[in-house]
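**Q** Below you'll find the structure I mean.
Read the figures in this text as sums done on the coordinates, not as results from a lab. Keep in mind that what you see is a predicted model, and the values were worked out from it rather than measured. Cβ: placed from backbone, ideal geometry, glycine included. Neighbour counts: every protein chain shown.
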Amino acid sequence: MRDMHELYRIWRNRAPAAALSDSDVIAELCAMEGDDAKIEDAFYRNLEFGTGGLRGVIGAGTNRMNVYTVAKASQGLANYICKHCPEEARSVAVSRDSRIKSELFAEVAGAVFAANGIRVFLYRELMPTPCLSYAVRTLGCAAGVMVTASHNPAKYNGYKVYGADGCQITTDAAREIQNEIEKLDVFSDIKTVDFNACVADGRIAFISDEVCTAFTEEIKKQSVLFGDRIDRNVAVVYTPLNGTGLKPVTRALRESGFTNITVVGEQEQPDGNFPTCPYPNPEIREAMELGIEYCRRTGADLLLATDPDCDRCGIAVRNEEGDYTLLSGNEVGLLLLDFICAQRKAHGRMPEHPVFVKTIVTTDMAERIAAHYGVETINVLTGFKFIGEVIGMLERKGRAEYYICGFEESYGYLTGTYVRDKDAVNAALMICEMFAFYKTRGVSLLEQLNKLYETYGYCLNTLHSYTFEGASGFERMQHIMAGLRAGVENVGGLGVWKTKDYLPGIDGLPPSDVLCFRLEPDVSLVVRPSGTEPKLKAYLSVKAKSRAEAEKTEQIVARGIAEICR
């Protein structure tokens, strides 16, 4: 890569005259002149294009999300499509979330594809990530693009790429697209045309409402009630966290009979600034606080929250003290898995060889529940795309019906095969049906969760993230991972008795920068760099006789990993 100051000068001189233009980027380029630190952070690398596509801070530079980096990625993807697809099969579906510049980036991508002779199908309004996956599959597209940074703070945006199967692209495809991108000059090698002209002449077409309706119908088919009686008048508070979930989630719930819904007004409408939830992630308590306050005021039974691109779903439920308890992604996943298995078994709806899929950082307790019902567990690498790939593998073998559900600890769930990514619309409906099923029978979700712990043993799962911003932070993360690979005898004083390094590719999984440590007495620690944020993530799983004992051990290990990541 060329010297970052040379790159800055090229951008400073050529961006204003480029076919694509963004006055915000040009103004930022002017403002950073003479500021070496800002220039370094903006140009020290290109945004990495991986299986998750691109994700980064919005702004000027090669290490930023802007019209130029989006157009360059789109041209690389277009070149890849033209190499692999006959002319009649060249089409791309495009969707976007509520983030800053998402609409602009979606239009830029569409214009680049159209200029390369690729038909574009674009949602007229913002839509969730699972709707993009569904459109790719339903419309028979060669690829899909979702403009989103998922649950990241407002300063981020991203560009996720999907294959013809509706699943995020494979590692091999990402590598080939990256090679195509690297061949391009961001200012001279990009083809583009006028977006509005392409809409007028049909090269860019809006996706019909029938596709949205069909998506909703598929979600409604996922019910495992099979005629069982439930009280659908449970009081629900829902927050889309200023993202895409409002219309699809409330539609699916209301068409399924859940009409007693209160939407959090301050977080109802799309707003990329996320004014009341700076971290719009249902994993984070602060993002849920306003919804919990609504629950307290209305006396609601259940809080549902979806992240900006509506692929993650978090919940809170009323506890014995009359307040509300947040459930983790692992806890909701365990409840859903047990509910789905129990219902299928009770009604004779279990497939011949049922399959459940989870990621390696998701609680091991799920395997014990699945085994109890005779369900096979398949473990995959972190990222729901790998769950989607298992569904695709089953589908190619003519056994898609074997898949009964999959989930990951980061609040992602899917109970059907109609899409290849996690779906918070599906999750919201399944959670409401499960909640209402148990409530109708006088059982709370917390009581049901405790029953699972009593049956399968208590398991505490936590996630600790450590942020490393900029070039120096990137180097620090690499240094920490190298140190861990060199060998660790103990973490927080607890001895390491087994280490698994996934970098070479093990257990039938592709290579991944992930380390797993087994500690005494019964602790699992998984460490990996985030693929979408400048963070190291440490996943702790502690099995113990009681919650108090598990929490004590977890705190010891958490302090130990924090020391390592200082």
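**Q** Would you compute, from DSSP H runs of 4+ residues alone, the mean residue ellipticity of the chain at 222 nm, taking -39500 (n - 2.57) per run and dividing by the full residue count, rounded to the nearest 500? Walk me through the intermediate numbers first.
**A** On the way: 18 runs with 229 residues, N = 566.
Helix contribution divided over all residues of the chain: -13000 deg cm²/dmol.
**Q** Taking Cα atoms, how many degrees apart are the long axis of helix 285-298 and the longest axis of the chain, rounded to 10 and kept between 0 and 90?
**A** Between helix and principal axis, roughly 60 degrees.
**Q** Turning to a different aspect of this structure: Whose amide H sits under 5 Å from the amide H of C85, counting only residues 5 or more places off or on another chain, with H placed in the peptide plane?
**A** none
**Q** Sum up the charges of everything whose Cβ sits under 11 Å from the Cβ of R476, counting Lys and Arg as +1 and Asp and Glu as -1, but leave R476 out. Can you show the working numbers first?
**A** Working: positive: R566; negative: E469, E475.
Taking every other residue near R476 into account, the sum is -1.
**Q** Moving on to the next point. For segment 68-83, take each phi angle, set θ = phi - 60°, evaluate the Karplus expression 6.51 cos²θ - 1.76 cosθ + 1.60, and give the result in whole Hz per residue in order, putting x for glycine and proline.
**A** Values per residue, Gly and Pro as x: 6, 5, 5, 5, 5, 4, 5, 5, x, 5, 4, 4, 4, 4, 5, 6 Hz.
**Q** Still on this structure, please answer the following. Looking at the chain only, what percent of DSSP beta bridges run antiparallel? Nearest 5 please.
**A** Here the share of antiparallel DSSP bridges comes out near 65 percent.
**Q** In whole Å, how far is the Cα centre of segment 235-291 from that of segment 147-214?
**A** About 26 Å separates the Cα centre of segment 235-291 from the one of segment 147-214.
**Q** Between T259 and R485, 0.36 nm times their residue separation minus their Cα-Cα distance comes to what?
**A** On the way: separation 226, 0.36 × 226 = 81.36 nm, distance 5.28 nm.
Gain on stretching T259 to R485: 76.1 nm.
**Q** Distance between Cα centroids, segment 397-419 to segment 479-548: provide it in whole Å.
**A** If you average the Cα positions of each part, the centres end up 26 Å apart.
**Q** May I ask you to sort R368, R318 by Cβ crowding, counting other Cβ atoms within 10 Å and putting the fewest first? Show your work: numbers first, answer last.
**A** Numbers: R368 16, R318 20.
Fewest-to-most Cβ neighbours within 10 Å comes out as R368, R318.
**Q** With a/c under 1.5 counting as rounded, go ahead and sort segment 67-218 into rounded, prolate or oblate using the C-alpha gyration tensor (a ≥ b ≥ c being the square roots of the eigenvalues; past the cut-off, prolate if a/b is larger than b/c, else oblate).
**A** Details: a/c = 1.30, a/b = 1.21, b/c = 1.08.
Rounded is the answer for segment 67-218, as its axis ratio a/c remains below 1.5.
**Q** Under the classification rounded if a/c is under 1.5, otherwise prolate if a/b is larger than b/c and oblate if not, where does segment 231-325 fall, given a ≥ b ≥ c as square roots of the Cα gyration tensor eigenvalues? It would help to have the intermediate numbers written out before the result.
**A** Details: a/c = 1.89, a/b = 1.16, b/c = 1.63.
Because a/c hits 1.5 or more and a/b fails to exceed b/c, segment 231-325 counts as oblate.
**Q** Still on this model: Mean shadow of the chain, computed from the convex hull of its alpha carbons, in nm²?
**A** On the way: hull surface 101.4 nm².
The Cα convex hull of the chain, projected and averaged over all directions, gives 25.3 nm².
**Q** Over all alpha-carbon pairs of segment 181-270, lay out the pair-distance distribution in 10 Å bins, whole %, shortest bin first.
**A** Going from the shortest bin to the longest, the percentages are 13, 26, 25, 18, 12, 5, 0.
**Q** Also, quick follow-up: Shape of segment 378-481 from its Cα gyration tensor (a ≥ b ≥ c, root eigenvalues): rounded if a/c is under 1.5, otherwise prolate when a/b > b/c, or oblate?
**A** Numbers: a/c = 2.29, a/b = 1.33, b/c = 1.73.
Taking the square roots of the gyration eigenvalues as a ≥ b ≥ c, segment 378-481 is oblate.
**Q** I need the phi-derived Karplus couplings for segment 205-213: 6.51 cos²θ - 1.76 cosθ + 1.60, θ = phi - 60°, integer Hz, Gly and Pro marked x.
**A** The phi angles translate into 10, 7, 6, 6, 5, 4, 5, 5, 5 Hz.
**Q** Separation between the K221 and K500 pseudo-spin-labels, each 7 Å from Cα along Cα→Cβ, expressed in nm?
**A** A separation of 3.5 nm, rounded to one decimal place.
**Q** What distance in nm separates the two pseudo spin-label positions at D522 and N273, each 7 Å out from Cα along the beta-carbon direction?
**A** Result for the modelled spin labels: 5.1 nm.
**Q** Given 0.36 nm per residue, what is the gain on full extension from D201 to E320 after removing their alpha carbon distance, in nm?
**A** Values: separation 119, 0.36 × 119 = 42.84 nm, distance 6.09 nm.
In short, 36.8 nm is gained.
**Q** With everything on Cα atoms, drop me the angle between helix 171-182 and the longest principal axis of the chain, reported from 0 to 90° to the nearest 10.
**A** Taking Cα atoms only, the helix is inclined about 20 degrees.
**Q** If amide H atoms are built 1.01 Å from N in the plane of the peptide, which residues on other chains or at least 5 residues away come under 5 Å of the amide H of V380?
**A** Hits under the 5 Å cutoff: K358, T359, I360.
**Q** Explain nothing, just compute: Karplus ³J(HN,Hα) = 6.51 cos²θ - 1.76 cosθ + 1.60, θ = phi - 60°, for every residue of segment 498-510 in order, whole Hz, x for Gly and Pro.
**A** With coefficients 6.51, -1.76 and 1.60, one gets 7, 10, 10, 10, 8, 4, x, x, 9, 6, x, 9, x Hz.
**Q** Please give the length that would be gained between R296 and A471 if that part of the chain were fully extended, namely 0.36 nm times their separation in residues minus their C-alpha to C-alpha distance (nm, one decimal). List each step's numbers first, then the result.
**A** Values: separation 175, 0.36 × 175 = 63.00 nm, distance 4.45 nm.
Net length gain for the segment: 58.6 nm.
**Q** Related question: Could you state the number of Å between the C-alpha centres of segment 303-355 and segment 1-55?
**A** Centre-to-centre (Cα) distance: 44 Å.
**Q** Enumerate the amide H contacts of Y238 below 5 Å, restricted to partners 5 or more residues apart or on another chain; note that Pro and chain-start residues carry no placed amide H.
**A** Counting only residues 5 or more places away or on other chains, the set is T262, V263, V264, L304.
**Q** Can you tell me the FRET efficiency between E125 and D189 if r is taken as the Cβ-Cβ distance and R0 is 41 Å, rounded to the nearest 0.05?
**A** Using R0 = 41 Å, I get an efficiency of 0.80.
**Q** Right, here's the next one. Expressed as a rounded percentage, what relative contact order does the chain have, with Cα pairs under 8 Å and six or more residues apart?
**A** Values: 1116 pairs, mean separation 65.2, N = 566.
Relative contact order comes out at 12 percent.
**Q** Using Cα-Cα distances under 8 Å and only pairs 6 or more residues apart, what relative contact order does segment 231-325 have, in percent?
**A** On the way: 170 pairs, mean separation 32.8, N = 95.
The value is 34 percent.
**Q** Related question: To test your reading of the geometry: what angle, between 0 and 90 degrees and rounded to tens, separates the Cα axis of helix 424-440 from the longest principal axis of the chain?
**A** 10
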